[in-house]
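Any read-out appearing in this document is the output of simple, stated calculations on the displayed coordinates, not a laboratory observation. Small disclaimer: the values here were computed from a predicted structure and weren't measured. Don't worry about glycine lacking a Cβ; one is built from the backbone with ideal geometry, like all the others, and counts go over all protein chains shown.
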Amino acid sequence: MASKVDLVLKNAKLPDGRIADISITGGVVRHVGAPCPAVETIDCQQLLCLPAAVDMHVHMRGGRQLHKEDWKTGSMSAIAGGVTVVVDQPNTIPPITTPELLQARIGEAARDSVCSFAVNAGVTPDAMLEEMWQAGAMAFGEVFTAPSSYGSALTPADLENVLARIHRIGGLATIHAEEVESEESATLQGHCNARPPDGEVRAVKAVTAAAPQTSRLHFCHLSTAEAIRAAGGTVEVTPHHLFLSWEQFDDTDASVKVNPPLRRDAERRDLWLCWDRIDVIASDHAPHTLTEKSLCMREAPPGIPGVQTMVPLLVAQAYVGRVSLASIVEKTSTTPASILGIPRAGFEAGDRADFALYPERTSDISLDQLYSKCDWSPYEGRSAVFPVMVIMRGDLVYREGEFFEASPRWFPGDGYIPPQSIYYTADTAHL
Ligand code: DOR
């Protein structure tokens, strides 16, 4: 008798409309089509099954920023939003600039995260880039061309130098491209003008020109269509630049202050017209508390939370026919996995068995659904489709507000050299 698979997702609706049974064993897809005998079967009738997302850009905080977010709450938000892999940004306090700090960060995530994860290396002139690459950094950056929260700008000479070092070791440089033209402003419009759209375009061009020819460049959170067209590398756009403009808010509302800033509504709509040129949608989940966000515009920290709402907002757009489900899967799951060099989630035999199952109806976002410690969202009341179940590595890890035991995995970058004597987590034994 054929041996049983671990799990079958029965009668799931695939993005192309087919209804199929997804057989999973050992954390990977065995077969999609007719069911195999299984230890466990989950009825997925009337549920849309999408490969779970890889969010390339999250700030999980912790340490001295524990009051804003930690690995537990941030990763719960991710899972409940259909994201099973997150890439953490290194602008922690202190920033991650040594292999020891990187290892400590990976250790924290291994202890507390309920989703799989990778950690980026911080980029400052004296950061130990080569050593962090060997210690398992997924990528480098954000590389800041302008100052932002907890990140200092590099001078043009330092920028050229770090890009050359990252190129030499074959790393991926992830770029925060902006220019700051004036002092902090008192309004959202002023904040947008102080970090203007054409400054973003110039910064993108300057980085593209400064990097060695065959560099692997990834441009984070581009906020304008022109910057997307100018980028000499892969392009990432955030949900907040797609869904929000400063014109939608009171001009002194610092909750939606973010870098790069929200733009005019016309520019926001132009981003949607560039949909096909966008490689990756990532949340830039940057939680700050409501108390911090209630400060005046000059003092409030920039950043918007979004890891839990990213895919749900996009799926709602697919349901009204604005974009295809296939393109959402490509931009939130397949392409980020390919850029990062991690196995893709999908419907072919051998694919990573990470899936999220979505109902057929939209609902309005309410704060009591959200797990981020920061406890606010600019998307409250907006139409979204949250997953009712999430599967990670072939295990049911979330069902309608309940979390189950999970085996999150750490994904190191390509430069990783496993030390003989250090164990980050029992789960790294396979590496
Ligand atoms: O608005 C932002 N917030 N932009 C960044 O680049 C950093 C982020 C944060 O960490 O809060």
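Compute the distribution of all C-alpha to C-alpha distances in the stretch 56-192, in bins of 10 Å from 0, and list the percent of pairs in each, rounded to whole numbers.
12, 40, 32, 15, 1
When DSSP beta bridges are limited to those with both residues in the chain, what percentage is antiparallel, rounded to the nearest 5?
50
For the stretch 300-373, give the magnitude of the charge dipole about the Cα centre (Cβ charges: +1 Lys/Arg, -1 Asp/Glu; no others), in debye to the nearest 20.
With only Lys, Arg, Asp and Glu charged at Cβ, the dipole is about 160 debye.
Magnitude of the Cβ-charge dipole of the stretch 69-147, K/R +1 and D/E -1, about the Cα centre, nearest 20 debye?
Roughly 220 debye, rounded to the nearest 20.
Quick check: convex hull over the Cα atoms of the stretch 169-215, volume per residue in Å³, rounded to an integer?
Given the Cα convex hull of the stretch 169-215, per-residue volume reads 81 Å³.
Taking a quarter of the surface of the Cα convex hull of the stretch 83-159, what do you get in nm²?
So the Cα hull casts an average projection of 5.2 nm².
Ranked from highest to lowest mean number of other Cβ atoms within 10 Å per residue, what is the order of the peptides 47-57, 130-140, 382-392?
Result, highest mean Cβ count within 10 Å first: 47-57, 130-140, 382-392.
Taking other Cβ within 10 Å of each residue's Cβ, how do Phe249, Phe144 sort, fewest first?
Placing the least packed residue first, the sequence is Phe249, Phe144.
To the nearest 500 deg cm²/dmol, what mean residue ellipticity at 222 nm is calculated for the chain from DSSP H runs of n ≥ 4 alone, each contributing -39,500 (n - 2.57), summed and divided by the residues? Walk me through the numbers on the way to the answer.
Numbers: 13 runs with 109 residues, N = 431.
Theoretical 222 nm ellipticity from helices: -7000 deg cm²/dmol.
Cα centroid distance between the stretch 246-270 and the stretch 319-380, in Å?
When both Cα centres are located, 24 Å separates them.
So for the chain, what percent of the C-alpha to C-alpha distances run longer than 42 Å?
Tail of the P(r) past 42 Å holds 10 percent of the pairs.
At a 10 angstrom cut-off on C-beta neighbours, averaged per residue, how do the peptides 326-332, 277-283 rank from highest to lowest?
Top of the packing list down: 277-283, 326-332.
Report the local net charge at Met76: Lys and Arg +1, Asp and Glu -1, summed over other residues whose C-beta lies under 12 Å from its C-beta.
Values: positive: Lys72, Lys373; negative: Glu69, Asp70, Asp112, Glu402.
Here the count lands on -2.
How do Thr334, Thr309 rank when sorted from fewest to most other Cβ atoms within 10 Å of their own Cβ?
Taking fewest neighbouring Cβ atoms as first place, the list is Thr334, Thr309.
Which value, in debye to the nearest 20, describes the size of the charge dipole of the chain about its Cα centre when Lys and Arg Cβ atoms bear +1, Asp and Glu Cβ atoms bear -1, and nothing else is charged?
Taking the Cα centre of the chain as origin, the dipole is about 760 debye.
For the stretch 199-304, what relative contact order do you get, as a whole percent, if you take Cα pairs closer than 8 Å and at least 6 residues apart?
29
Taking Cα centroids, how far is the stretch 173-195 from the stretch 285-302 in Å?
Here the two parts' Cα centres lie 15 Å apart.
Give me Rg over Rh for the stretch 1-57, both radii from the alpha carbons and Rh done the Kirkwood way, two decimal places. Don't skip to the end; give the middle numbers.
Details: Rg = 12.1 Å, Rh = 11.9 Å.
Ratio of gyration radius to Kirkwood radius for the stretch 1-57: 1.02.
Of Lys13/Lys68; Lys257/Lys331; Lys72/Lys257; Lys257/Lys373; Lys10/Lys68; Lys4/Lys331, which pairs sit farther than 28 Å apart, going by alpha carbon to alpha carbon?
Violating the 28 Å Cα-Cα cut-off are Lys13/Lys68; Lys10/Lys68; Lys4/Lys331.
Direction-averaged shadow area of the convex hull around the Cα atoms of the stretch 263-333, nm²?
5.8
Quick one: Kirkwood hydrodynamic radius for the stretch 308-373, alpha-carbon pairs, angstrom, one decimal? Please report the intermediate quantities before stating the final value.
Values: mean 1/r = 0.0738 Å⁻¹.
This gives a value of 13.6 Å.
Cross-link candidates for Lys293: which aspartates and glutamates have Cα within less than 13 Å, leaving aside residues fewer than 8 places away along the same chain?
Cross-link targets: Asp253, Asp375.
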